[in-house]
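Visitor: Would you mind keeping the following structure in view while I ask a few things?
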Amino acid sequence: MSKVRCKSCGAVFDAGLSYCPYCGVMNKRGAYAEFRGKISSLTDAMFGLKEDVQQSVSRMILSSLLRSLLFIAVIVGAAYAFSRTAQVNYYNDPEYDQKAYEEIVWMDENLDRLNDAYESGDYKAVEKQYYENTRAVQKWSRYSAYKLKYAYEKIEAESRFDLWRFRDMLYFIFYPEYYTGYNGMKRVDETEYNELRQTLVSELQDLGYTYTELEEIYAGCSDDYGYMDADLLKKHVKEDGNG
């Protein structure tokens, strides 16, 4: 290590010392080096503390995230278990089983009458049986077709052309699910439906409507679910084709 001479007493000592060991006068060179060393140590300590804090925060965030995920998993698992239990209890419910059995027995006893009434066009007879056992008739393979044909029959039975008949005709032409229910058209013979549909279209064309005009009227008077607003439809009703 290099040596320095004290400017006060003339003694020679190590340059790294902050003070003269003989007279106590400050050695600027050594004092500055010591100061820099302390600053460096303090800086290292601060960076080390920063890393510790970052690691601690990261651990806290990770721990919180894991707890949240665990909580969600528990909730989802409990909901799934409850749904499975509810489903099992539902299908094992003696009352439910009894009702299902009664529907099967009722349908077995009345299926021929239902089919005969449908094939003969006696939809009022089908309607009567519908009110006798609604749930059973709704499971009948011809139920959607019956609802559609019964609606057509009622439309044709109305001789006067007014707002409500016009509305029902537009539903039949552009939104037959209004009568058959959701996905009901999958159980309807497409050829039979198109024949009935074309009959109504022709009747409206005889009143002065074009098919394009009917499409525009339905689109302009319907909401996002396909249901028409009577007040909007009212202004499009024509009487005897004159409007």
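The values are calculated or read from the model by the stated rules, or taken from the named source; none is laboratory data. Predicted model only: the values in this text are computed from it and were never measured. Here Cβ is always computed from backbone atoms with ideal geometry, including for glycine, and neighbour counts include all displayed protein chains.
Visitor: Given the structure, is Leu114 in a loop (DSSP other than H, G, I, E, B) and at pLDDT 65 or above? First the steps, then the outcome.
Guide: Details: in a loop (DSSP other than H, G, I, E, B): no; at pLDDT 65 or above: yes.
For Leu114, the condition - in a loop (DSSP other than H, G, I, E, B) and at pLDDT 65 or above - is not met.
Visitor: Given the options Tyr131, Tyr171, name the one that is among the hydroxyl-bearing types (Ser, Thr, Tyr), surrounded by fewer than 17 Cβ atoms within 10 Å (Cβ to Cβ) and either at pLDDT 95 or above or more than 26 Å from Leu233 (Cβ to Cβ) (or both). I'd like the intermediate steps shown before the answer.
Guide: Details: Tyr171 fails: surrounded by fewer than 17 Cβ atoms within 10 Å (Cβ to Cβ).
Testing whether each residue is among the hydroxyl-bearing types (Ser, Thr, Tyr), surrounded by fewer than 17 Cβ atoms within 10 Å (Cβ to Cβ) and either at pLDDT 95 or above or more than 26 Å from Leu233 (Cβ to Cβ) (or both) leaves just Tyr131.
Visitor: While we're looking at this one, here's another question. Report, by residue number, each residue of region 184-224 that is in a helix (DSSP H, G or I), of a type in the set (Asp, Glu) and under 15 Å from Arg167 (Cα atoms).
Guide: Filtering region 184-224 for residues in a helix (DSSP H, G or I) gives 184-187, 190-206, 211-221.
With the extra rule that they be of a type in the set (Asp, Glu), the set shrinks to 190, 192, 195, 203, 206, 213, 215-216.
Once the filter is applied, which keeps residues that are in a helix (DSSP H, G or I), of a type in the set (Asp, Glu) and under 15 Å from Arg167 (Cα atoms), region 184-224 yields Glu203, Glu213, Glu215, Glu216.
Visitor: Conditions first: (1) surrounded by 14 or more Cβ atoms within 10 Å (Cβ to Cβ); (2) modelled with pLDDT of 95 or more. Thr191 passes all but one, so which condition is the exception?
Guide: (1)
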